[in-house]
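J.: Got a structure for you, written out below as structure tokens; questions coming shortly.
Laboratory data are not the source of any read-out in this text; all were calculated from the coordinates shown. Treat the numbers as computed from the prediction; the structure is a model and nothing was measured. Every residue, glycine among them, receives a Cβ derived from its backbone with ideal geometry; neighbour counts consider all protein chains shown.
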Amino acid sequence: MQNSAPPSGSPLAKLLKKLGWNDYALFGSVLVFACIPLIIAVLSLSDGGPSQWLLNNFPFLRLRLMGRFLSLAIIALGIDLIWGYTGLLSLGHGIFFALGGYAFAMYLNLQLPEGQLPEFFGLYGVDKLPLIWQPFHSLPVTVLAMVLVPGAIAALLGYLIFRNRIKGVYFSILTQAALLVFYNFFNGQQKLINGTNGLKTDTERIFGYLASSDGVQLVFYEVTVLALLLVYILCRWLTSGRFGRILVAIRDDETRVRFTGYDPTGFKVLVFGISGAIAGLSGGLYTVQTGIITPSIMDVAFSIEMVIWVAVGGRATLVGAVLGTLLVRLAQSSLSEQFPEVWLFFQGALFLIVVTVLPNGIVGWWQEQGIVQLRNLFRGKPQLATFPSLEEDPLVQEERKQFEGEPKEP
């Protein structure tokens, strides 16, 4: 029985037609990331040689670190969706990231024998599980809450802001103010979520296994890779059709969109809610691979850093969001190990170079100039920018015939 191709008019077929080299490059890279644990496992079966060198220089800790970076790339996709495509610069995405992290941490802390409470409750004299903790006994409910709660709060916050037509720098300031409110609120909830100490996940168990064990962390690494791929496909689908064109129109000229009959408020609320849900998913995966979640994750600097990842990779490219996150986080990790005292200067220099030399990010530069410059390098001479299709334009040819057919003046 032959496999039938998807209908030409289906959303899947339309999306496949619009995939470019950026998409296939990312899919290939994600596949490589997913196969890294398998490669390490195969090499561990052989003795000596390159396999032993790789195992010595790429311990399992590095794999966990890469898992954290991939989980952060997920939230970068959400930020690129609202900033790169819709023009909404959010400086408070740490709120939704933390909500997803706390949701999964609460589930792990409840994996105890019947009748027992998490240890920190005893420090504050709490002898009964708070009502807000009750739903997190269930893993499916936790996964839904990890996505839906941040998404709903983001949509509510967006509605309160967008209905008053607040945009631009005022929107950014309001999101940052909301971040500070949540940060101070979580810091003061000692009896509810252990306040500034946060919730630990590395000492908890899931399905009977220690959450920080190599096997469990390997599973979460693969889940993170799969989640990154699915979120990318979702963002690519949202931005490749009519909905994506409306988002770009809102970014470029919201007033004109309003005059054409569309209400930008509904679109902005929806896309901001989706971005918040993506951030919650990212926060949950990051927390379980980090081992702890505290209110410090809602620090203003961290939310600003998320925006920098997207700027380095390239706005409105999606691939750039993933690439920028991995490059910046890998550079931070390497420089902090090699130059612990001055690595922040290297990081600042990197950001200045990107902003001044590559304002459109790495992927944006490659799409606009990089390919042409690379071709010119191999050809040895610059290629002139021409319009060969202009000669083949039927309107131009018809106009030329009319011009040539006119009688000459005596």
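J.: Which order, highest average first, do 280-287, 140-147, 228-235 follow once you tally other Cβ atoms within 10 Å for each residue and take the mean per peptide?
T.: 280-287, 228-235, 140-147
J.: To the nearest 0.05, what FRET efficiency results for Leu344 and Val219 with a Förster distance of 45 Å applied to their C-beta separation?
T.: Calculated value: 0.85.
J.: Label region 80-231 by shape, choosing from rounded, prolate and oblate, from the square roots a ≥ b ≥ c of the eigenvalues of the Cα gyration tensor; if a/c is under 1.5 it is rounded, and otherwise prolate applies when a/b is larger than b/c, oblate when it is not.
T.: oblate
J.: Compute the relative contact order of region 248-379 as a whole-number percentage, counting only Cα pairs closer than 8 Å that sit 6 or more residues apart in sequence.
T.: 19 percent
J.: Return the distance in nm (one decimal) between the two label points of a simple spin-label model at Tyr124 and Leu160, each offset 7 Å from Cα along Cα→Cβ.
T.: 2.3 nm
J.: I would also like to ask the following. Given points 7 Å out from each Cα along the Cα-Cβ axis, report the Ile173 to Phe259 separation in nanometres with one decimal.
T.: Between Ile173 and Phe259, the label points sit 2.8 nm apart.
J.: What full-extension length gain, to one decimal in nm, is calculated for Arg242 and Glu398 as 0.36 nm per residue of separation minus the Cα-Cα distance?
T.: Taking Arg242 through Glu398 to full extension adds about 52.8 nm, to one decimal.
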